[in-house]
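The values are calculated or read from the model by the stated rules, or taken from the named source; none is laboratory data. All figures in this text were calculated on a predicted structure; none of them were measured in a lab. Here the Cβ is made from the backbone with ideal geometry for all residues, glycine too, and neighbour counts use every protein chain on show. In case anyone asks, the SASA skips ligands and DNA or RNA and just uses the protein heavy atoms, side chains included. Shrake-Rupley method; radii C 1.70, N 1.55, O 1.52, S 1.80 Å.
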Amino acid sequence: MSPTSPVQAGTGVAHHATLVLAFDLDGPTGDAMLSGALWNKPGYFCLGAYGTHRALPRILDMLRGNGLAATFFTPSWVVQHWPDLCRRIVSEGHEIANHGHRHEVFFGLGEQEQREVLAHSQRIFASELGQVATGFRAPSGDWHPSTARLLEEAGFEYSSSLRNGDRPFRHDGGTLVEIPAKSLFDDYTRFAYHRGPNFPSGLDRVADYRDSFDTWRDELDAAVAEGLTVPTIWHPKVIGTPGRALMLEEFLTGVAADERIVVRTCADVARAWAERNPL
């Protein structure tokens with residue numbers, strides 16, 4: 001689709017959508033690591049490691065080529081074991097944000113366990129990257145009713161975990177800004193199927209690449225008229241394979257040329273929204 005003017009015909013009013021390029025750099029963390037199964041099946045580890053070693057450099061190169069900044073939600077285990085790659089993210093002007101330590105499902109953790117995971121992961125961020133994360137995305141999008149309060153207590157400015165809106169909002173009774181995403185923009189639902197392990201369970205095919213990117217572009221175009229914020233839930237190990245990377249570069253090139261679309265990191269979106277909506 002060709003770019004059009006940001007001014008709606010006949011109104012003189014500018015409309016734009018904010019696109020947040022958000023990647024979950026999970027590496028091999030997740031259920032298999034938490035259960036220990038990872039260490040008995042090299043395929044588990046290799047699938048996750050592909051995202052850091054092969055896909056991430058491709059994605060960083062195309063972001064740089066299009067002059068775009070992104071947010072990478074990264075478990076601190078990945079920061080700890082591949083610090084140079086994570087330092088590259090920061091050095092190239094992107095945001096690196098918190099995604100737990102080993103991709104823990106916060107819904108199943110008590111308050112003290114959550115505190116310990118957040119504190120441990122932030123210590124690793126500080127040690128390896130010289131900075132702590134200001135943002136958080138709950139692994140699997142699931143969190144405990146106390147998580148928002150605990151994030152605020154730990155000094156986080158925002159979360160991009162929930163799937164319940166089109167615009168940022170502030171959690172009740174606090175300062176934590178939520179930047180809701182949509183499962184529609186999760187590449188796992190379209191591309192992640194593989195065998196051994198069979199995941200996602202029940203998904204029996206990989207979606208057409210171009211149709212998927214066209215769907216995302218249609219949603220982004222529709223967001224322009226209402227001035228919505230659109231964060232992605234993309235995973236380098238899923239969206240960064242060679243064929244999908246071709247589609248991703250085409251998508252990013254189109255976005256960069258479209259005056260109706262503003263690309264921001266999660267941190268920039270959260271701070272700008274908080275300034276416009278003071279307590």
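GNM remark for the chain: springs join alpha carbons under 10 Å apart, and the peak mean-square fluctuation among T134, T265, T189 falls on T189.
Computed with a 1.4 Å probe over protein heavy atoms only, the accessible surface of the chain comes to 45 Å² per residue.
Looking at the range 106-176, the trypsin sites (Lys or Arg not before Pro) that sit in a DSSP loop and have at most 16 other Cβ atoms within 10 Å of their own Cβ are R163.
Applying 1/(1 + (r/R0)^6) with R0 = 30 Å to the Cβ-Cβ distance of Q131 and F107, what FRET efficiency is obtained, to the nearest 0.05? Using R0 = 30 Å, I get an efficiency of 0.60. For A55, neighbours were defined as the other residues whose beta-carbon sits under 10 Å from its Cβ, and their charges (Lys and Arg +1, Asp and Glu -1) total +4. Straightening the chain between E219 and N66 buys 53.0 nm, computed as 0.36 nm per residue apart minus the Cα-Cα spacing. Of the accessible area of the range 41-128, computed with a 1.4 Å probe over protein heavy atoms only, carbon and sulfur atoms account for 56 percent.
Work out the FRET efficiency for E153 and E250 from their Cβ-Cβ distance, taking R0 = 41 Å, and round it to the nearest 0.05. The value I calculate is 0.45. Heavy-atom surface analysis with a 1.4 Å probe gives the range 143-279 a carbon and sulfur content of 49 percent of its accessible area. Put a dot 7 Å past the Cα of F45, heading toward its Cβ, do the same for N164, and the two dots end up 4.0 nm apart.
In the chain, what percentage of the DSSP-assigned beta bridges are antiparallel, given to the nearest 5? If we restrict to bridges inside the chain, about 15 percent are antiparallel.
Using 1/(1 + (r/R0)^6) with R0 = 22 angstrom and r between the beta carbons of D268 and T189, what's the FRET efficiency to the nearest 0.05? Efficiency, rounded to the nearest 0.05: 0.25.
Per-residue extension of 0.36 nm, minus the Cα-Cα distance of R123 and D208, leaves a gain of 26.5 nm for this segment.
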